[in-house]
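The structure appears below as structure tokens.
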Amino acid sequence: MKRFFLRVVILLVGLTIAHLGVTLFLLSDLGADPFNVLIQGLFRVLQKPLPFLTHGTTHVAVCLLIVAVLLIVDRSYVKLGTLLCMVFGGPIIDFFTWILSPLQIGAAPLWIKIPVLALGCVILAYGMTIVIKSEAGTGPNDLVAVVLSDKTKVRFGIMRIVVDFSFVALGWLMGGVFGVGTLICAFLVGPVADFFLPKNEALIRRLLEKVPA
């Protein structure tokens with residue numbers, strides 16, 4: 001029980017770090033992340049037949065659909081942390097946006113915005129690997145690459161790039177818009193996550209060994 005509680009705490013730490021990266025990405029204002037390009041395109045397709053939908057409700061619906069599919073295919077991936085990622089992700093981004101908005105990153109010149117965006121992607125990838133290796137659950141959008149990597153035995157970094165570009169392509173075909181930041185994110189997050197996954201796995205294992213089962 002103590003180890004499970006520690007895993008949840010580790011997940012929340014990783015989630016906070018990851019969403020600091022997401023906030024830097026969003027504040028750089030150079031394009032949506034790949035998953036949100038998909039959400040944006042889907043929202044535009046569904047907006048006319050379902051006028052009550054918003055971008056936010058579309059996002060939640062897609063996340064719930066991913067969870068529902070996983071519950072049928074392999075429910076071992078859906079854990080408490082999956083729900084925590086869905087519930088706390090937005091508020092954490094709102095908090096960091098409130099803290100960092102005075103910096104006016106979006107109004108900065110491009111030579112500042114691109115490094116800030118790249119830094120955000122690195123922080124996102126680092127935090128995401130903590131969440132994944134906590135083994136307490138992972139957010140629905142990240143689970144797509146995790147599950148496909150596990151099932152196909154393809155390295156997570158490569159699969160993450162494939163999944164992110166698939167999100168971008170599908171979103172664009174449905175009317176979603178992407179920018180240079182979207183492409184940087186798609187290329188950068190997977191390889192950086194590949195680098196940090198074994199390191200954070202070893203770190204988390206050492207932390208858990210100090211706590212009685």
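Does the range 130-151 contain at least one residue that is among the hydrophobic types (A, V, I, L, M, F, W, C), open to solvent by less than 50 Å² (accessible area, probe 1.4 Å), more than 17 Å from the chain's Cα centre (by Cα) and under 25 Å from residue 45 (Cα atoms)? Steps first, answer last, please.
Initial filter on the range 130-151 (among the hydrophobic types (A, V, I, L, M, F, W, C)): 130-132, 136, 143-148.
Subsequent filtering for residues that are open to solvent by less than 50 Å² (accessible area, probe 1.4 Å) retains 130-132, 136, 143-147.
With more than 17 Å from the chain's Cα centre (by Cα) added as a condition, the list becomes none.
The answer is no; no qualifying residue exists.
Report, ordered by the first and then the second residue, all pairs with beta carbons closer than 8 Å, sequence separation of six or more or different chains, a first member in the range 189-213 that is on the phi > 0 side of the Ramachandran plot, and a second member that is open to solvent by 70 Å² or more (accessible area, probe 1.4 Å).
From residues that are on the phi > 0 side of the Ramachandran plot, there are no pairs.
Would you mind finding the one in 138, 129 that is in contact (Cβ under 8 Å) with a residue 60 or more places away in the chain and not in a helix (DSSP H, G or I)?
On the way: 129 fails: not in a helix (DSSP H, G or I).
Sole residue among the options that is in contact (Cβ under 8 Å) with a residue 60 or more places away in the chain and not in a helix (DSSP H, G or I): 138.
Given the residues 82, 54, which is the only one that is modelled with pLDDT of 90 or more, over 19 Å from residue 159 (Cα atoms) and hydroxyl-bearing (Ser, Thr, Tyr)? Talk me through it step by step, then tell me what you get.
Working: 54 fails: modelled with pLDDT of 90 or more.
The conditions single out 82.
Within the range 28-60, which residues are open to solvent by less than 50 Å² (accessible area, probe 1.4 Å), over 16 Å from residue 177 (Cβ atoms) and out of contact with any Leu (no Cβ under 7 Å at 6 or more places or on another chain)?
Listed by number, the list holds a single entry, 56.
Only one of (1) in contact (Cβ under 8 Å) with a residue 12 or more places away in the chain; (2) of a type outside the set (A, V, I, L, M, F, W, C); (3) more than 20 Å from residue 145 (Cα to Cα) fails for residue 94. Which number is that?
Result: residue 94 fails condition (1) only.
The values are calculated or read from the model by the stated rules, or taken from the named source; none is laboratory data. Values in this document were obtained by computation on a predicted structure and should not be read as measured data. Glycine also receives a Cβ, built like all others from the backbone with ideal geometry; neighbour counts cover every protein chain displayed. Surface areas here come from the heavy atoms of the whole protein model, side chains and all, with no ligands, DNA or RNA. Shrake-Rupley method; radii C 1.70, N 1.55, O 1.52, S 1.80 Å.
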